[in-house]
Each structure stands twice: as C-alpha cells, then as structure tokens.
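Chemist: One structure coming up, written as structure tokens, with questions to follow.
The values are calculated or read from the model by the stated rules, or taken from the named source; none is laboratory data. Since the structure is predicted, the reported quantities are computational estimates derived from the model, not experimental observations. Heads up, the Cβs are rebuilt from the backbone with ideal geometry, glycines too, and the neighbour counts pull from every protein chain shown.
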Amino acid sequence: MTGKEAELEKLAQIQTEALAALADVADEGALEAWRVAHMGRSSAVMGVFSRMGSMDKDLRPVMGKAANEVRQALEAALDEKRQALEAEALSRSLETEKLDVTLPGRPVRRGRLHPLTQVLRRIFQIFGDMGFQVYPSPEVETDDYNFTYLNMPPYHPARDMWDTFYTKTEGVLLRTHTSPGQIRVMRARAPEPIRAILPGATMRYEQLSARSEIEFAQVEVLVVGEHVTFAELKGTLDDFARRMFGEYARTRLRPSHFPFTEPSAEMDVGCFVCDGHGCPVCKETGWLEILGCGMVHPLVLEYGGYDPAVYSGFAAGMGIDRSTLMRYRIDDIRHFRNNDVRFLRQF
Ligand code: DAH
C-alpha cells in the first residue's frame, strides 16, 4: 500500500467511525458533543488539514480534496440528524401536550356586589329620583362636628347616647353617626337650598353580638330651604319607604328625641317578615324601626350657616346593616364584614 493509499484509507475510516457515532446520537446535547468531537478543532479530520504541511507535495492536493469531501459529508450528516431530532421533538410534544378543544371550559366565577352595597345603591336611586345629591363626608371627625355643632356641647349628657371611639389626638374621634355630615354640607352650600344624602361608615364602641357591630353603615338625609315643613318630611320619607319596602308598606311616625332635631320622631315600617302580625324579628310588635328624623334644630342650622328665621329643614338618619339583615333574614350581623365568599355568593 502506498503512503497515499494508506492516508486515504485512514480518512475513509475517520468518516465511517464518525457516521457510526452519529447514529447513536439521540438528543440535542449529544449532537453538540458529537460535533465538537468529530468536526471540532481537535477532531481527526481537522488533524489531516493541520498535517498537510508535512506531507509530500504531490500528496497535498489529493489529501486536501479528500479531507474536504469528508468534512462536507459529515456536515451534511449533521444537518440531517439535527432536522431529524427536531422533527422527533415536535411530534413528541404534539403527542404528549395534546389539547382536547371539545372539553368544556373552566367556569369563570363572577364577582358581585356586597349586599350592603346593593341596598345602598337602591337608596341612592330612590333619593336620586327625588332630586337628592349624594355627598361624601369624613369617617374620622372632630368632636365639634360629631357633637357640639349638633347641639351637644362638651360634657353634655346627651353625648352619652353614643359610645364613642376617641383617638389619641385631642378632639378627634371616629364618627358615631353620619349626622356631622349635615354641618359639612350646610357649610359648603349656605345659603343655597339643600337636598342631599350622606352615606358612609360609622363606628361605635359596642359589645360585639349577632345584632351589633362596631362598624356599620348609615345614610343621612338632609333638606334645607325656605318653608320646609314637617309635612314634607313625612311625604318624602313615606315615599321612600314605599319604594324601598314595597308599594303597600305601612309606615308610622313615633315621637322621639334627638338633640339636633326639634321636633323629633322615629319611623317604623310594618314588619315585612310577618306582615304586621307579630314575630321574633319585630319582637311581636308588628313594626320595625328604620330611621330617626326631625326638623333640623335652629341651633344646628345656625352652626351650618343658615339663618333659622328664614330657613328650615328636615333630617333623617338610617342604619343600613340592620334593615339589610332583616330584609334577607340573615342571622348574624358579623357576616357582613367577614368577607367570607360562601356568605357573599348568596346575594
Ligand atoms: N344620628 C342619629 C343616630 O345615629 C340618627 C338620626 C336621628 C339622624 C334623627 C338624623 C335625625 O338626621 O334627624 O342615632
């Protein structure tokens, strides 16, 4: 065998061995390792190129051509293998990640409005229809707005009607009712006439029970103008009760006392659980108290910036929680603020 034949034989063997190794390659990583081993800088084929300088002159072109052919053959085999591996991976993922588009989708659970929000919005709508505007007012109040301007001077025993959360800041408290909002609207609007409702959270230092919470929602009603009378109070609140509780809802006004109204009253509606026959919800009276109301006290008008000789007004305040409780016959007021979706989903 001539030196040339021996060299060509060696090259053919390099090619055979490389292709045999390629047949065993099963994934992308092994393919890269194969490329480095058989086509990289220190591979056998590349070794032929670097030995070229030390070969006989007439052997060089023959060996160069032959080595190039081997390299091209390996390159072609590499490409082919790469494509085969990719195709394999694709069909494997198509097989294992199969989607059954005919399966029903997962239900999307829709949110809904809190029962108290639903009741509040109903109240907004009813008063909105009667020309009332909705006013925001602060939940953290001053002692003056919560009491003094509502005709309860410091140390006056009438303040004891509300168990109050005081803050560490002198004269600042959590409002015990939405009534301080009356003063705020009046001061913002005087001497214009007012028809406003003021909704919001109120806080009282109460023993927690199924019937009372430390936080609850109220809506304040305020009308101020010239010649506003008690008849207007009664007409407006009657109308409200009928739209809120049903066309045939019965109402009654009972005399009462509040420091910020004179005269004062409380309004009851016929119990919608027993229809007035008497049941545990209405404590066998047939009536449910829904709000306090009265003609705005002259001193309160004055604190609000209205001359009581010219202007008069009526006000009302209602708690939202307890009537919502009764309406849906919920057994515990604490459900409202527990954020338990099993409860909330029912409304
Ligand atoms: N603020 C009173 C309370 O929380 C309720 C109330 C009574 C509001 C009479 C009024 C009113 O506006 O005129 O107990």
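Per-residue answers, yes or no, for (1) surrounded by 11 or more Cβ atoms within 10 Å (Cβ to Cβ); (2) outside any loop (DSSP other than H, G, I, E, B):
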| site | (1), (2) |
| --- | --- |
| LEU103 | no, no |
| ARG112 | yes, no |
| GLN118 | yes, yes |
| ARG122 | yes, yes |
| PHE127 | yes, yes |
| SER137 | yes, no |
| GLU141 | yes, yes |
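Chemist: Shifting gears a bit: Filtering the stretch 244-261 down to residues that are of a type in the set (Phe, Trp, Tyr) and away from the ligand (no atom under 16 Å from the Cβ), which residue is farthest from TYR149 (Cα to Cα)?
Modeler: By that ranking, first place goes to TYR248.
Chemist: Given (1) touching a helix residue (DSSP H, G or I) at 6+ places or on another chain (Cβ under 6 Å); (2) more than 16 Å from GLY181 (Cα to Cα), identify the lone condition not met by ARG159.
Modeler: For ARG159, the exception is condition (1).
Chemist: Checking PHE216 against (1) within 11 Å of the ligand (Cβ to nearest atom); (2) at pLDDT 95 or above; (3) under 22 Å from PRO136 (Cα atoms); (4) in a strand (DSSP E or B): exactly one of these is not met. Which one?
Modeler: Going through the list (1) within 11 Å of the ligand (Cβ to nearest atom); (2) at pLDDT 95 or above; (3) under 22 Å from PRO136 (Cα atoms); (4) in a strand (DSSP E or B), PHE216 breaks only (2).
Chemist: Hey, could you check the stretch 275-297 for residues that are among the charged types (D, E, K, R) and away from the ligand (no atom under 16 Å from the Cβ) and say which is farthest from ILE333 (Cα to Cα)?
Modeler: ASP275
Chemist: Can you tell me which residue in the stretch 271-303 is modelled with the lowest pLDDT, limited to those that are crowded, with 21+ Cβ neighbours inside 10 Å and either of a type in the set (Ser, Thr, Tyr) or over 30 Å from ILE194 (Cα atoms) (or both)?
Modeler: Once the filter is applied, the top-ranked residue is CYS282.
Chemist: Here's another thing I want to ask about it. Having 1 or more residues that are touching a His at 6+ places or on another chain (Cβ under 8 Å) is the bar; report the helices (runs of 4 or more DSSP H) wholly within the stretch 228-347 that clear it.
Modeler: Those helices (runs of 4 or more DSSP H) span 341-344.
Chemist: In the stretch 150-173, which residue that is within 13 Å of the ligand (Cβ to nearest atom) and not in a loop (DSSP other than H, G, I, E, B) is surrounded by the most Cβ atoms within 10 Å (Cβ to Cβ)?
Modeler: Only one residue fits best here, namely LEU150.
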